[in-house]
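Visitor: Let me begin by handing over the structure; questions about it come next.
The values are calculated or read from the model by the stated rules, or taken from the named source; none is laboratory data. Everything quoted here is computed from the prediction, not taken from an experiment. Note that each Cβ is placed from the backbone with ideal geometry, even for glycine, and that neighbours are counted across all protein chains shown.
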Amino acid sequence: MKATLATLASAAVLLFGLSAQAASGKLVLYTSQLEADAKQTVEAFKARNPGVEVDWVRSGTTELMNKLRAEIAAGAPQADLLLIADAVTMESLKAEKRLLAYKDAPVQGYRPGTHDADGTWFATKLITTGIVYNTAAPMKPASWTDLTKPEAKGTTVMPSPLYSGAAAIHMAAVKEQPALGMAYYEALARNGVTAAKGNGGILKAVAGGEKLYGVIVDYLPIREQAKGAPVAFVFPKEGVSAVSEPVAILNTTRNPDAAKAFVSFLLGREGQELASRQGFLPALPGVRAPDGFPDPATVTLMPYDPAKALKDDDANKKAFADLFGG
């Protein structure tokens, strides 16, 4: 029996080694990752798949989508893979039947909702939106509704969904919460909350004391707090929304095997540990979070439907602009 098990184990190792080396050829990746993170990701993948040559283009999600759509219109899409900010953008490509389904992707252990049920896109990390506060503020918020209290009147800033994809997803998620909904945004407006274009400006305003509270993506205040800035980040008790930096394969890929290998690498433990080392909350429960972050298993995610968020996007942005201005 021992000999048989050893033989089987050896065969499994050999088979795994052969399959791991099977990917080859060229891949073109379009990514909105930070430059240094994109370089690390590609190099880590190539270390496991030395037969694959990866060319990558890095820009913001909007710019990448403009580039991709121009290529599609010309009948010559260049990218094999997309690794971009949000699932709503992926849903637009899915609706246009531009994505290749990867039914056998290794999603075991992932929470429902962090990948497309049809296997066309997959979360690679969780960039959550919560509350930052100045440590000199009189109130330590614990709930989203704390921002509607008199203590926060006129002292809160949040990103606008007209400029921030994370803010657009946050609004879609909040609207699906029965205890929050659109009435929550109306309460924020009555409490003097102002809107800013991006998360960086929100951090600066709260850290500098211009504002005491802000709605923001997690890693910015967590990193700055570690450097000594007078800020702290809160995961509100109702839960947080999350941008998941999903990965997807275009159905026009010229190298589907290598593209699937890239997706599998990002979803596997090694890829998730890399995301953690880069300073982001891993999407796979059980992978250690970066310093300053809680255990991912303890973070409550507010569910939302990316397809519905895509459908409602224009109406949500109009409603936000009516309350807070453009």
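Visitor: Please find, among Ala11, Ala79, Ala6, Ala23, the residue that is out of contact with any Lys or Arg (no Cβ under 6 Å at 6 or more places or on another chain), within 21 Å of Gly119 (Cα to Cα) and at pLDDT below 95.
Guide: Ala23
Visitor: Can you name the residue in segment 66-114 that is among the small types (Gly, Ala, Ser) and closer than 13 Å to Leu250 by Cα and is also surrounded by the most Cβ atoms within 10 Å (Cβ to Cβ) among such residues? Don't jump to the end; show me each part of the working.
Guide: Within segment 66-114, the first condition is being among the small types (Gly, Ala, Ser), and the residues that meet it are 70, 73-76, 79, 85, 87, 92, 95, 101, 105, 109, 113.
Still in the running and closer than 13 Å to Leu250 by Cα: 76, 79, 92, 95, 101.
Numbers: Ala76: 9, Ala79: 25, Ser92: 16, Ala95: 12, Ala101: 15.
Taking the candidates together, the pick is Ala79.
Visitor: Moving to a separate point now. Being among the polar types (S, T, N, Q), at pLDDT 95 or above and touching a Phe, Trp or Tyr at 6+ places or on another chain (Cβ under 8 Å), is that true of even one residue in segment 239-254?
Guide: Looking for residues that are among the polar types (S, T, N, Q), at pLDDT 95 or above and touching a Phe, Trp or Tyr at 6+ places or on another chain (Cβ under 8 Å), one finds at least one in segment 239-254, hence yes.
Visitor: Pairs needed: first member in segment 222-243, farther than 16 Å from Tyr133 by Cβ; second member anywhere, surrounded by 18 or more Cβ atoms within 10 Å (Cβ to Cβ) and hydroxyl-bearing (Ser, Thr, Tyr); C-beta distance under 6 Å; at least 6 residues apart or different chains.
Guide: Filtered contacts from segment 222-243: Ser241/Thr129; Ala242/Thr128.
Visitor: Can you name every residue in segment 252-290 that is under 23 Å from Leu220 (Cβ atoms), in contact with a helix residue (DSSP H, G or I) (Cβ under 7 Å, 6 or more places away or on another chain) and not small (Gly, Ala, Ser)?
Guide: Those that are under 23 Å from Leu220 (Cβ atoms), in contact with a helix residue (DSSP H, G or I) (Cβ under 7 Å, 6 or more places away or on another chain) and not small (Gly, Ala, Ser): Leu274, Gln278, Phe280, Leu281, Pro282, Leu284, Val287, Arg288, Pro290.
Visitor: Continuing with the same structure: Tell me which residues, restricted to segment 240-267, are over 22 Å from Leu64 (Cβ atoms) and surrounded by fewer than 19 Cβ atoms within 10 Å (Cβ to Cβ).
Guide: Asp257
Visitor: Same structure again: Return the only residue of Ile222, Ile216 being buried (at least 16 other Cβ atoms within 10 Å of the Cβ) and assigned to a strand (DSSP E or B). Steps first, please.
Guide: Details: Ile222 fails: assigned to a strand (DSSP E or B).
After applying the criteria, what remains is Ile216.
Visitor: Take the residues of segment 191-213 that are modelled with pLDDT of 95 or more and in a strand (DSSP E or B): which is farthest from the chain's Cα centre (by Cα)?
Guide: Residue satisfying both the conditions and the ranking: Thr194.
Visitor: Report whether or not Leu68 is within 19 Å of Asp37 (Cα to Cα) and in contact with a Phe, Trp or Tyr (Cβ under 7 Å, 6 or more places away or on another chain). It would help to see each step written out before you state the result.
Guide: On the way: within 19 Å of Asp37 (Cα to Cα): no; in contact with a Phe, Trp or Tyr (Cβ under 7 Å, 6 or more places away or on another chain): yes.
Taking the combined requirement at face value, the residue does not satisfy it.
Visitor: Pairs needed: first member in segment 78-99, farther than 17 Å from Ser32 by Cα; second member anywhere, surrounded by fewer than 20 Cβ atoms within 10 Å (Cβ to Cβ) and among the acidic types (Asp, Glu); C-beta distance under 8 Å; at least 6 residues apart or different chains.
Guide: Lys94/Asp118
Visitor: Look at Arg254 and say whether it is among the basic types (Lys, Arg) and under 18 Å from Thr114 (Cβ atoms).
Guide: When the stated conditions are applied, Arg254 does not pass them.
Visitor: Suppose we filter segment 117-145 for residues that are in contact (Cβ under 8 Å) with a residue 40 or more places away in the chain and crowded, with 18+ Cβ neighbours inside 10 Å; how many remain?
Guide: 18
Visitor: Then there's this: Mind checking which pairs have a first residue in segment 24-48 that is over 22 Å from Leu250 (Cβ atoms) and a second that is modelled with pLDDT under 95 and crowded, with 21+ Cβ neighbours inside 10 Å, Cβ under 8 Å, 6 or more apart or different chains?
Guide: Correct list of pairs: empty, since none qualify.
Visitor: Among the residues of segment 194-221, write down those that are over 19 Å from Gly292 (Cβ atoms), among the small types (Gly, Ala, Ser) and in contact (Cβ under 8 Å) with a residue 60 or more places away in the chain.
Guide: Ala195, Gly209
Visitor: Just to be sure I understand, how many residues within segment 270-299 are assigned to a helix (DSSP H, G or I) and farther than 20 Å from Ala22 by Cβ? So that I can check it myself, show each step before the final result.
Guide: As a first pass, look at segment 270-299 and keep what is assigned to a helix (DSSP H, G or I): 270-277, 296-298.
Still in the running and farther than 20 Å from Ala22 by Cβ: 272-277, 296-298.
Count: 9.
Visitor: Is there a residue being buried (at least 22 other Cβ atoms within 10 Å of the Cβ), aromatic (Phe, Trp, Tyr) and under 22 Å from the mean Cα position of the chain (by Cα) anywhere in segment 226-234?
Guide: Yes, that holds for at least one residue.
Visitor: What number goes with the only condition from (1) surrounded by fewer than 17 Cβ atoms within 10 Å (Cβ to Cβ); (2) touching a strand residue (DSSP E or B) at 6+ places or on another chain (Cβ under 9 Å); (3) touching a residue at least 40 places away in the same chain (Cβ under 8 Å) that Ala167 does not pass?
Guide: For Ala167, the exception is condition (1).
Visitor: Working only within segment 47-65, note down all residues that are surrounded by fewer than 15 Cβ atoms within 10 Å (Cβ to Cβ) and at pLDDT 95 or above.
Guide: Result: Ala47, Pro50, Gly51, Glu53, Asp55.
Visitor: Follow-up. Would you check which residues across segment 303-326 are modelled with pLDDT under 95 and either touching a strand residue (DSSP E or B) at 6+ places or on another chain (Cβ under 6 Å) or outside any helix (DSSP H, G or I) (or both) and list them?
Guide: Pro303, Tyr304, Asp305, Gly325, Gly326
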